[in-house]
Amino acid sequence: MSFDLGKISETLVTGKVDDLKTLTGQALETDIKPGDILNQGLLPGMDTVSQRWKAGDMFMPEVLRCAKAMGGAMEVLRPHLSESELGNAGTIVIGTVAGDLHDIGKDLAAMMFEGAGYNVINIGIDQPNEAFVKAVKEHKPNVLGMSALLTTTMPRMGEVINSLKEAGIRDQVAVILGGAPVTEEFAKEIGADLYAPNAGSAVEITKEYLESKV
Ligand code: B1M
């Protein structure tokens, strides 16, 4: 049975959650490999979303719908993906720092990372500094992502980096920062490795950084 994976990409871009789940299920009934459904159907769709968003051709509610559709499709697909097809881009621990309840941008970044093939451990909002350190020790991610939306909570990011140093694990993980008030200068100043102005670029910046370290 032939199946056009382009239809999966197109449906993802329209953000139709149920249609995308149905199509993903139909693709699984063919002889197409689950990894190809991800790599040739879903991920190119997320790339398009990311590009349109960056170009200003798509707005936040639409992007969130697409990310939700991606999440739904991944629920259908995940049980069929082998370990090597799932999360093989790396592992990222991501969370919002202590005192900060904003999670929309952080979750969007998490979904973008998941869509790009990362194993994502989302530790949530209002996470004390120790929770980040604990998660890094436990999951040994390639990347630690922190989000802050308040100028009053941004200092927690530097504190987490210092705690990683004190725990002797700073050099084991790349640190990426995001959130509306965070800037590249701030990220450099506190000793983070990377800064991403938006969720789509976070994935690209991280990918380039990890590849440069191989
Ligand atoms: Co609040 N809030 N809020 N808020 N809120 C802001 C951030 C604020 C700018 C509004 C304003 O005054 N104009 C202001 C902060 C001022 C400042 O510090 N400079 C503010 C304030 C003051 C507050 C309260 C203190 C209000 C009060 O109670 N008096 C309070 C604080 C609560 C707390 O956290 N302790 C508060 C509460 C809330 C709600 C709970 C009501 C709600 C959050 C709901 C939720 O997140 N579930 C809320 C919201 C929705 C906002 C605004 C309106 C929208 C934030 C948002 O979700 N944007 C915001 C005003 C604004 O930004 N225009 C505001 C959409 C989201 C996709 O963007 O999060 O920036 P953003 O993420 C972007 C990038 O930054 C980046 O990618 C995303 C997509 O491009 N990114 C990452 C983010 N994290 C990343 C991580 C990465 C990579 C990229 O890798 C790790």
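The values are calculated or read from the model by the stated rules, or taken from the named source; none is laboratory data. What you see is a predicted model; the values in this text were computed from it and never measured. Heads up, the Cβs are rebuilt from the backbone with ideal geometry, glycines too, and the neighbour counts pull from every protein chain shown. Note: accessible area is taken over every heavy atom of the protein model, side chains too, but ligands, DNA and RNA are not part of it. Shrake-Rupley method; radii C 1.70, N 1.55, O 1.52, S 1.80 Å.
Values computed for the structure shown
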read-out	value
Some residue of region 170-180 being over 26 Å from Leu64 (Cα atoms), open to solvent by 60 Å² or more (accessible area, probe 1.4 Å) and among the polar types (S, T, N, Q)	yes
Every residue from region 90-106 that is within 6 Å of the ligand (Cβ to nearest atom) and in a loop (DSSP other than H, G, I, E, B)	Gly99, Asp100, Leu101, His102, Asp103
Subset of region 75-92 that is acidic (Asp, Glu) and out of contact with any helix residue (DSSP H, G or I) (no Cβ under 7 Å at 6 or more places or on another chain) - its residue that is modelled with the lowest pLDDT	Glu83
Residue pairs meeting the criteria (Cβ under 6 Å; at least 6 apart or on separate chains; first open to solvent by less than 50 Å² (accessible area, probe 1.4 Å), in region 194-210; second part of a helix (DSSP H, G or I) and within 7 Å of the ligand (Cβ to nearest atom))	Ala196/Ala202; Ala199/Leu108; Ala199/Ala109; Ala202/Ala109
Residue under evaluation Met60, criteria (1) modelled with pLDDT of 90 or more; (2) under 21 Å from Ala148 (Cα atoms), criterion not met	(1)
Residue ID - surrounded by the fewest Cβ atoms within 10 Å (Cβ to Cβ), chosen from residues in region 93-135 that are of a type in the set (D, E, K, R) and modelled with pLDDT under 95	Asp103
Hits in region 183-207 - residues which are assigned to a helix (DSSP H, G or I) and of a type in the set (Phe, Trp, Tyr)	Phe186
